[in-house]
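Nothing in this text is a laboratory measurement; each read-out follows from the coordinates by a stated rule. Just so it is clear, the model here is predicted, and its values are computed rather than measured. Here the Cβ positions follow ideal geometry from the backbone for every residue, glycine too, while neighbour counts run over all protein chains shown.
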Amino acid sequence: NPYGDKSFDELKKIVFRVVDTLIDNNCKIIVIACNTASTLSTCLREKYSIPIVAIEPAYKMIYDNDFSEKTLVMATKATINSDKFQQLYHKYDNHNTTLLSCSGLADLVEEGNQKKIDNYLKNTLMPYRGVKCVVLGCTHYPLLRSTIREIMGEDVCLVNPAYETALELGRLLTEKGLSSTGAQQKEFPYRFFVSDLADEFKEFANSILPYDVEMTKKIDIEKY
């Protein structure tokens with residue numbers, strides 16, 4: 001990861017391995033918290049019986065809110081080029097939307113160099129200043145919302161698909177009777193599995209999550 005600049009075949013191979021890993025660790029529901037990976041949600045649901053919640057490409061949220069103003073969709077190249085997003089785009093196009101492929105931006109977020117991030121956003125977004133709505137079409141981008149708002153203007157509407165995904169997860173857990181009572185909470189209520197760079201992940205996660213990440217486990221994803 002990040003997945004945004006990978007080919008479809010490479011992305012599919014990785015994501016299926018990740019899902020196999022999670023199922024082997026007895027998870028009861030899977031949330032694909034990545035816009036690029038969620039473009040595979042249809043074929044994942046065809047293969048697996050476990051409930052799968054995906055951060056579907058967020059452009060449909062504009063349609064749901066009856067938004068007809070100028071809109072900018074920030075997303076990875078893989079998301080924008082995917083069949084799933086293109087189908088949504090053409091189905092719900094408000095004829096006032098610009099698609100912006102932000103190659104390399106997710107890498108900068110993980111690198112954590114604020115100066116590089118600021119320069120990237122200023123150079124990339126200034127030509128679009130004045131649009132009324134910006135879709136944050138990658139789960140890394142909401143971490144930059146204050147900088148994006150500063151560049152685009154205080155009145156800009158920032159669409160974050162993570163909120164709607166969390167609501168859908170809660171609804172599905174209730175519907176299927178899978179909600180936790182908390183009675184079986186263990187010493188480590190959160191477990192993090194990574195395919196590489198465990199220490200770097202732990203440092204990054206602790207910078208954005210409201211609790212301390214105490215344990216990460218590196219898995220050999222290649223065996224899947």
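Along Cα→Cβ, 7 Å out, is where each label goes; now give me the distance between the ones at N25 and A162 in nm to one decimal.
1.9
If you stretched the chain out fully between S207 and S179, how much longer would it get, using 0.36 nm times the residue separation minus the C-alpha to C-alpha distance?
7.3 nm
Order 202-212, 88-98, 38-48, 116-126 from most to least packed using the mean count of other Cβ atoms within 10 Å.
38-48, 116-126, 88-98, 202-212
Quick one: compute the contact order of the chain, relative version, from alpha carbon pairs under 8 angstrom and 6+ residues apart, as a percent.
20
Starting from the amide H of V134, placed 1.01 Å from N in the peptide plane, find each other amide H under 5 Å away whose residue is 5 or more places distant or on another chain.
L72, C157, L158, V159
Give the angle, between 0 and 90 degrees and rounded to the nearest 10, that separates the Cα long axis of helix 83-92 from the longest principal axis of the Cα atoms of the chain.
Roughly 50 degrees between the two axes.
Determine, from the Cβ-Cβ distance of L169 and N123 and an R0 of 45 Å, the FRET efficiency 1/(1 + (r/R0)^6), rounded to the nearest 0.05.
My answer for the efficiency is 0.80.
Which translational diffusion coefficient, to the nearest whole µm²/s, is obtained for segment 97-224 from the Stokes-Einstein equation, given a Kirkwood hydrodynamic radius over C-alpha pairs, 4 °C and 1.567 mPa s?
D, rounded to a whole number, is 73 µm²/s.
Compute the acute angle (0 to 90°) between the alpha-carbon long axis of helix 8-24 and the principal axis of greatest extent of the alpha-carbon atoms of the chain; round to the nearest 10°.
The helix 8-24 is inclined about 40 degrees to the chain.
In whole Å, what are the Cα extents of the chain along the three principal axes, biggest one first?
Principal extents (largest minus smallest coordinate, Cα): 50, 38, 36 Å.
So if we plug the beta-carbon distance of E150 and A33 into 1/(1 + (r/R0)^6) with R0 = 25 Å, what FRET efficiency do we get, rounded to 0.05?
For R0 = 25 Å, the calculated efficiency reads 0.45.
Using modelled backbone amide H atoms (1.01 Å from N, in-plane), which distant-in-sequence or interchain residues come within less than 5 Å of V194's amide H?
Counting only residues 5 or more places away or on other chains, the set is K217, K218, I219.
Tabulate in residue order the Karplus-calculated ³J(HN,Hα) for segment 154-166, using 6.51 cos²θ - 1.76 cosθ + 1.60 with θ = phi - 60°, rounded to whole Hz; enter x for Gly and Pro.
Going residue by residue, I get 5, 8, 5, 9, 9, 9, 10, x, 4, 4, 5, 5, 4 Hz, with x marking Gly and Pro.
Taking only DSSP H segments of four or more residues, each worth -39500 (n - 2.57), what value at 222 nm results for the chain once the sum is divided by all its residues, to the nearest 500 deg cm²/dmol?
Result for the chain, helices only: -13000 deg cm²/dmol.
So if we plug the beta-carbon distance of E69 and Y48 into 1/(1 + (r/R0)^6) with R0 = 41 Å, what FRET efficiency do we get, rounded to 0.05?
According to the calculation, E is roughly 0.60.
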